[in-house]
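Quick notes on the structure that follows.
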Amino acid sequence: MKRYRDFLLGALIATLLFASFSVGRASAASSGCFTDTNGHWAESFICWLKDNGISSGYADGSYRPDNSITRGEMAVMLKKVNDVSKGYSDSSLIAAKNYTDASLNNEIQITLSPKEWEIGFSLTPGLQIDHTNPMMASITSTETGLADFSATTPTLPTSIYGHVLALSKVEICYRAYLYAQIQRIMVQVTDSFSLTTYTDDSSLRTTAGCAVYTYSPAIPLSEGSYLSFFIRTNWGLTVDTIDLKRVIIYLQPQ
């Protein structure tokens with residue numbers, strides 16, 4: 001019975017991975033949704049179920065998250081999940097700035113669209129940036145020299161169900177070449193009081209790859225925090241292209 005219960009719960013959570021964050025509601029709910037779910041591994045999902053009228057728990061205010069559930073109860077919950085409106089979203093987090101994904105699996109993962117890459121400081125006037133391909137920003141140059149590119153997130157969520165969120169990892173993907181190089185990558189966090197550089201990486205990159213930066217301990221976010229990413233490039237020849245791809249931001253509940 002326990003293995004069957006775990007299978008059913010897993011199936012529901014797989015559904016919620018799409019539903020709860022694609023509609024952008026999980027970050028807006030309050031903490032303490034049931035008396036016995038604080039700190040439980042499925043707390044965020046359980047609270048989302050309550051917020052959306054899918055599961056109401058017991059009359060004494062508890063949820064009893066480790067109890068078995070029946071096939072009938074599962075069928076009712078899945079039906080209610082299917083009925084949740086997809087017509088609303090947290091536009092400040094998802095739509096307004098081209099975020100492409102947000103999910104929860106111990107960490108919240110937010111993908112910043114390649115469309116956010118823009119030309120910054122440049123000693124190379126012949127630069128062109130092409131956002132036609134949704135998977136990458138392709139950069140060409142008619143002259144040699146240095147150029148900087150930047151991407152900035154909108155304000156990030158700082159808590160979920162009463163848990164403070166902290167920046168635990170950043171992944172920046174790219175394609176460079178021998179004569180169209182990436183020379184520097186910076187990651188900065190700006191809040192209401194300060195701007196702090198947490199990564200300043202001067203490794204030379206001349207191939208395709210992803211730069212992964214892990215922060216331990218994770219960096220707590222305060223109200224109004226946002227991230228900025230900077231990449232310095234250098235063209236030795238004008239025949240090559242640099243592609244700046246996705247940026248994945250990992251936020252960890254504390």
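Structural remarks
- Some residue of the range 235-253 being in contact with a helix residue (DSSP H, G or I) (Cβ under 9 Å, 6 or more places away or on another chain) and farther than 23 Å from residue 133 by Cα: yes
- Yes/no for residue 211 being of a type in the set (A, V, I, L, M), closer than 27 Å to residue 141 by Cα and either surrounded by 13 or more Cβ atoms within 10 Å (Cβ to Cβ) or out of contact with any Ser or Thr (no Cβ under 8 Å at 6 or more places or on another chain) (or both): yes
- Residue selected from the range 7-61 under the condition surrounded by fewer than 19 Cβ atoms within 10 Å (Cβ to Cβ) and among the charged types (D, E, K, R), by the criterion modelled with the lowest pLDDT: 25
- Selection over the range 153-176 of residues that are at pLDDT 90 or above, farther than 30 Å from residue 40 by Cβ and not small (Gly, Ala, Ser) gives a count of 4.
- Listed by position, the strands (runs of 3 or more DSSP E) enclosed by the range 107-180 that each have at least 2 residues that are among the basic types (Lys, Arg) are 163-175.
- Residue check for residue 85: among the hydroxyl-bearing types (Ser, Thr, Tyr) and modelled with pLDDT of 75 or more: no
- Cβ pairs under 6 Å, 6+ apart, first in the range 239-251 and assigned by TED's automatic domain parsing to the domain that holds residue 215, second of a type in the set (Ser, Thr, Tyr) and surrounded by fewer than 20 Cβ atoms within 10 Å (Cβ to Cβ): 240/177; 240/179; 241/138; 241/140; 243/138; 246/111; 248/111
- Selection from the range 165-203 of residues that are under 20 Å from the mean Cα position of the chain (by Cα) and not β-branched (Val, Ile, Thr): 165, 166, 167, 168, 169, 171, 173, 174, 186, 188, 191, 198
- Residue in the range 128-135 that is crowded, with 19+ Cβ neighbours inside 10 Å and of a type outside the set (S, T, N, Q) present: no
- Taken over the range 74-85, the residue count meeting the criterion of being loosely packed, with under 13 Cβ neighbours inside 10 Å and touching a helix residue (DSSP H, G or I) at 6+ places or on another chain (Cβ under 9 Å) is 1.
The values are calculated or read from the model by the stated rules, or taken from the named source; none is laboratory data. Since the structure is predicted, the reported quantities are computational estimates derived from the model, not experimental observations. Cβ sites come from the backbone with ideal geometry, for glycine too, and all protein chains shown count toward neighbours.
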